[in-house]
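One structure below.
Only the coordinates and a few stated rules stand behind these numbers; no lab work does. Nothing here was measured: the structure is a model prediction, and the numbers come from that model. With ideal geometry, Cβ positions are generated from the backbone for all residues, glycine too; neighbour counts draw on all protein chains shown.
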Ligand SMILES: [Zn+2]
């Protein structure tokens, strides 16, 4: 009669231990909620399978205009760590992120960048599109690696090791961008897009950059802006301009028509990934892939 009783107690004990282990494993895998896809990709490169990484904004989504949905608010509440770009990229989410930072680890990627490296437009307005200078972005990624490894000490060594490997990949990517663009003769190195997303790109890789809308798509453009840009394109005999996957192409179409009406034939050079990556599962659905595709589109159109 004694054995069955022991057997029952052992079974109960084993079931209890198994439940504890499962609960611990679940807790060990942190949930990191990121605003943009570029951030989620960087975080995933660092955490590998050791964290669940979620991006709130998918392909084609404009972060300047994005408002958190009820579903997003739930994900942000459930998150162990929240990662955002900062520099007012997520302009309409500022209040939500600030409120959450009172009781959660909320990391701004842009905090990893020395303020002297930021493009300033006015005393207090800095350009938030830091991912377009690959070396600058690598500093933001290093900040994420440091913060994540401090928040998740259990996986610290793995995070730091993966980050080192990713840094090497980013440095190689930076060289690739530089080499590819150097094939375009300097007078043709002019990038005209819907909004001013490519300022860091231009500064890092010696391209002259013009956008119809300002730093944020929140500010609208007027007829004068179109006329000024059309005159510039005609005068400089620029042969291609670009749309963006996360911005309506209406503004660029207006520029195109303006040029044509002045007798200057300008073509659409393609659609660039500016403030959002491509579809998940495609090469452009990663940061490296998005940068490579942009460079390929630019070189094919301007060379
Ligand atoms: Zn933008």
Angle in degrees between helix 37-47 and the longest Cα principal axis of the chain, rounded to the nearest 10: 40
Shape of the range 149-229 from its Cα gyration tensor (a ≥ b ≥ c, root eigenvalues): rounded if a/c is under 1.5, otherwise prolate when a/b > b/c, or oblate? oblate
Most mobile listed residue (254, 240, 99) in the chain, GNM with C-alpha springs under 10 Å: 99
On full extension of the chain, what length is gained from residue 123 through residue 77, given 0.36 nm per residue of separation minus the C-alpha to C-alpha distance? 13.2 nm
With label points built 7 Å along Cα→Cβ from the Cα atoms of residue 208 and residue 248, find their separation and express it in nm. 3.0
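Dividing the alpha-carbon Rg of the range 92-205 by 2.2 N^0.38 Å yields what?
Details: Rg = 16.9 Å, N = 114, 2.2 N^0.38 = 13.3 Å.
Expressed relative to 2.2 N^0.38 Å, the Cα Rg reads 1.27.
What is the calculated FRET efficiency for residue 29 to residue 267, with r their C-beta to C-beta distance and R₀ = 41 Å, to the nearest 0.05? List each step's numbers first, then the result.
On the way: r = 49 Å, r/R0 = 1.18.
The computed FRET efficiency comes out at 0.25.
By the gyration tensor of its Cα atoms, with a ≥ b ≥ c the square roots of the eigenvalues, what is the shape of the range 29-178: rounded for a/c under 1.5, prolate for a/b over b/c, or oblate?
Working: a/c = 1.61, a/b = 1.04, b/c = 1.55.
Taking the square roots of the gyration eigenvalues as a ≥ b ≥ c, the range 29-178 is oblate.
Once every DSSP H run of n ≥ 4 in the chain is given -39500 (n - 2.57) and the sum is divided by its residues, what mean residue ellipticity at 222 nm do you get, rounded to the nearest 500 deg cm²/dmol? Spell out each step's value before the answer.
Details: 10 runs with 147 residues, N = 303.
Calculated from helices alone, the mean residue ellipticity at 222 nm is -16000 deg cm²/dmol.
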Give the share of C-alpha pairs in each 20 angstrom bin for the chain, from 0 to the last occupied bin, in whole percents, shortest bins first. 31, 49, 14, 4, 1, 0
Just to confirm the number: angle between the C-alpha axis of helix 156-181 and the first principal axis of the chain, 0 to 90 degrees, nearest 10? 10
Starting at 0 and stepping by 10 Å, how many percent of the alpha carbon pairs of the range 197-303 end up in each bin? 14, 45, 34, 7, 0
From Cα coordinates alone, what are the radius of gyration and Dmax values for the range 214-274 in angstrom? 11.4, 32
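Explain nothing, just the number: relative contact order of the range 150-303, from Cα pairs under 8 Å at least 6 residues apart, as a whole percent. Provide the component values of the computation, followed by the final result.
Details: 200 pairs, mean separation 34.2, N = 154.
Computed over the range 150-303, the figure is 22 percent.
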If you find the alpha carbon centre of the range 164-183 and of the range 117-153, how far apart are they in angstrom? 17
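Estimate the FRET efficiency between residue 300 and residue 227 by the formula 1/(1 + (r/R0)^6), using the beta-carbon distance for r and 41 Å for R0, to the nearest 0.05.
Numbers: r = 28 Å, r/R0 = 0.69.
Approximately 0.90, to the nearest 0.05.
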Take the alpha-carbon centre of the range 238-303, take the same for the range 36-71, and report the distance between them in whole Å. 23
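Let me know the shape class of the range 143-196, please: from the alpha-carbon gyration tensor, a ≥ b ≥ c as square roots of the eigenvalues, rounded when a/c is under 1.5, otherwise prolate if a/b is greater than b/c, or oblate.
Values: a/c = 6.86, a/b = 2.45, b/c = 2.80.
Oblate, since a/c reaches 1.5 and b/c is not below a/b.
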Would you mind telling me which residue in 95, 244, 169 has the biggest mean-square fluctuation in a Gaussian network model of the chain, where springs connect alpha carbons within a distance under 10 angstrom? 95
Using a Gaussian network model of the chain whose springs link C-alpha atoms within less than 10 Å, name the residue from 218, 190, 266 with the highest mean-square fluctuation. 218
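Compute the relative contact order of the chain as a whole-number percentage, counting only Cα pairs closer than 8 Å that sit 6 or more residues apart in sequence. Can you show the working numbers first?
On the way: 475 pairs, mean separation 53.0, N = 303.
Answer for the chain is 17 percent.
Using the number of other C-beta atoms within 10 angstrom as an exposure proxy, rank 136, 303, 173 with the fewest first. Walk me through the numbers on the way to the answer.
On the way: 136 23, 303 13, 173 20.
Ranked by crowding around the Cβ, least crowded first: 303, 173, 136.
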Overall Cα dimensions of the range 133-272 - principal axes, largest extent first, Å: 63, 34, 19
Contact order relative to length of the range 29-178, as percent, for alpha carbon pairs under 8 angstrom and 6 or more apart: 23
Rounded to 10°, Cα long-axis angle of helix 250-261 versus longest principal axis of the chain: 20
